[in-house]
Amino acid sequence: MNQVPIKLDEADVLYFTGNKKANHFGYVHYDDHKENITALVISTCGHNDYYLFSCDINWNVISDTLHHSVEEAMDCASISHHFNNIWYCKSGGLVFKSDNNVIELFYEYTYSLNSNDNHINYSQIYKSDDYNSHCSKYGLKLSQKNKIIKSILLMAGSFDAPVNTDNVIIDGKRLLISVCDTLFCLNTLNLSLVWKVKVDDSICFISILLINFILPMVKW
């Protein structure tokens with residue numbers, strides 16, 4: 001998982017992208033030359049506004065824009081044709097923008113079924129058919145205009161599998177997440193479960209399965 005950029009530690013960073021020289025998000029004119037944008041950062045500005053920072057390979061801020069909501073800042077970032085719509089969250093996990101919704105995906109370390117001590121009361125829990133007490137647990141929050149409107153929990157497998165960009169695909173109104181050996185398909189509009197299927201543990205196998213078999217057969 002990427003770390004919060006050191007040079008922006010003094011800013012109240014919420015979300016940021018990876019910083020790869022080969023995957024730049026356009027450029028800005030800097031004096032008499034072009035400076036590649038290789039990372040994007042969203043941070044708070046006061047109580048109600050947000051900055052979208054454009055950074056170079058060394059996390060130097062080379063331009064910024066002010067926005068009135070996280071969604072607005074993400075929309076501005078999505079102008080780049082190279083942007084895959086996946087953000088890292090400062091607290092860990094991933095964040096996606098879909099239509100007017102912001103979806104946060106994170107590993108749920110402390111949740112226990114039927115416990116009164118859970119810090120989140122999930123609206124819905126989706127489980128694999130063979131989950132056990134050692135299963136991986138992924139939490140998701142759906143927000144609009146900075147207000148959480150729904151949260152769900154995914155439970156599957158028999159071991160810890162961290163959240164990363166390799167086991168998540170977002171495509172329009174569908175979000176596909178592999179949790180250990182179970183693949184969940186969710187509707188990005190309301191996080192409802194469209195379907196789930198047990199697959200091989202290998203991420204490579206899952207990717208091949210998605211591209212060549214599952215997606216062509218599913219009608220939306």
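Taken together, the values in this text are just the output of simple stated rules run on the coordinates, not laboratory data. Model, not experiment: these values are computed from the prediction. Quick reminder, even Gly has a Cβ in these numbers, built from the backbone with ideal geometry, and neighbours come from all protein chains shown.
General remarks:
- Pairwise FRET efficiency - I57 versus K145, Cβ, R0 = 45 Å, nearest 0.05: 0.85
- Extension gain for D49 to K198 (0.36 nm times residue separation, less C-alpha to C-alpha distance): 49.4 nm.
- I125 versus F159: modelled label distance in nm, points set 7 Å from Cα along the beta carbon direction: 2.4
- When C89, C45, C55 are arranged by Cβ crowding within 10 Å, least crowded first, meaning fewest neighbours, the order is C45, C89, C55.
- Ellipsoid equivalent to the stretch 107-178 - semi-axes via the Cα gyration tensor, in Å: 20, 18, 10
- Amide H to amide H, with H built 1.01 Å from N, T182 comes under 5 Å of V199, counting only residues 5 or more places away or on other chains.
- Distance in nm between pseudo-label sites at K34 and K173 (7 Å out along the Cβ direction from Cα): 3.7
- Average silhouette area of the stretch 6-89, convex hull of alpha-carbon atoms, in square nanometres: 5.4
- Note on D99/K20: beta-carbon distance plugged into 1/(1 + (r/R0)^6) with R0 of 25 Å gives a FRET efficiency of 0.40.
- Phi-based couplings in Hz for the stretch 91-106 (Karplus 6.51, -1.76, 1.60; Gly and Pro marked x): 7, x, x, 10, 9, 10, 10, 9, 6, 9, 9, 10, 10, 9, 10, 8
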